[in-house]
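The values are calculated or read from the model by the stated rules, or taken from the named source; none is laboratory data. What you see is a predicted model, and the numbers here were worked out from it, not measured in a lab. Counting neighbours? That spans all protein chains shown, and the Cβs are built from the backbone with ideal geometry, glycine included.
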Amino acid sequence: MPAVSMPPKDALQRLLDGLQMFIREHLSLARAEMKADLRAMGRALAMGAAGVPALAAGYLLVMFAIGCLLALVLPAWAAFGIVGVVNLGAGAALTASGLSRARQNRVELRRTSREIERDRAWLAGLAQSARGREAALGPAREPALASGEAAAGRGAVTSEEADDA
């Protein structure tokens, strides 16, 4: 039974509609994964941030005590200056370390990546099957030359011969 052919305009419209749906689905999957990851990250940050005020108050009191202790042997301005410089250095080192770790820790969208890999394989299979059908149908006719001769005739090089060369 011969295959039912559809007008090229309708085929193109169906292809574009399918492509739009395909892209929408992938974007919604990526969006859902990002939401889940951000929610989990937000919960972890909230739990970590709950103790920050108490930690900051304790830290300030300990630094003040260290400054007062050093003030017994040094002038007060020097004692508190030393404590401040040490804190600045430690803060800079911790910040640099945290930034380098943050750069290494990439957000991975595992399900989206798997879907994209499956789509690549599917598209490669489509392309392969299209090449197989094209080869089974035989070479396409070349347009006629201006003099009326077929391009495949009398010394003209066909596309297959050009590929072999």
* Asked: In the stretch 2-33, what count of residues is obtained for those that are in a helix (DSSP H, G or I), in contact with a helix residue (DSSP H, G or I) (Cβ under 9 Å, 6 or more places away or on another chain) and over 21 Å from residue 123 (Cβ atoms)?
  -> 2
* Asked: Quick one: would you say residue 95 is out of contact with any Phe, Trp or Tyr (no Cβ under 9 Å at 6 or more places or on another chain) and either loosely packed, with under 10 Cβ neighbours inside 10 Å or closer than 30 Å to residue 23 by Cα (or both)?
  -> no
* Asked: What's the number of the condition residue 5 fails, among (1) at pLDDT 85 or above; (2) under 30 Å from residue 119 (Cα atoms)?
  -> (1)
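Quick grid of which residues meet (1) closer than 18 Å to residue 91 by Cα; (2) surrounded by 12 or more Cβ atoms within 10 Å (Cβ to Cβ); (3) of a type outside the set (D, E, K, R); (4) free of Cβ contacts under 8 Å to residues at least 24 places away in the same chain:
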position	(1), (2), (3), (4)
24	no, no, no, yes
30	no, yes, yes, no
39	no, no, no, yes
67	yes, yes, yes, yes
75	no, no, yes, yes
* For residue 87, work out the one condition from (1) in contact (Cβ under 8 Å) with a residue 24 or more places away in the chain; (2) under 30 Å from residue 25 (Cβ atoms) it doesn't fulfil. => (2)
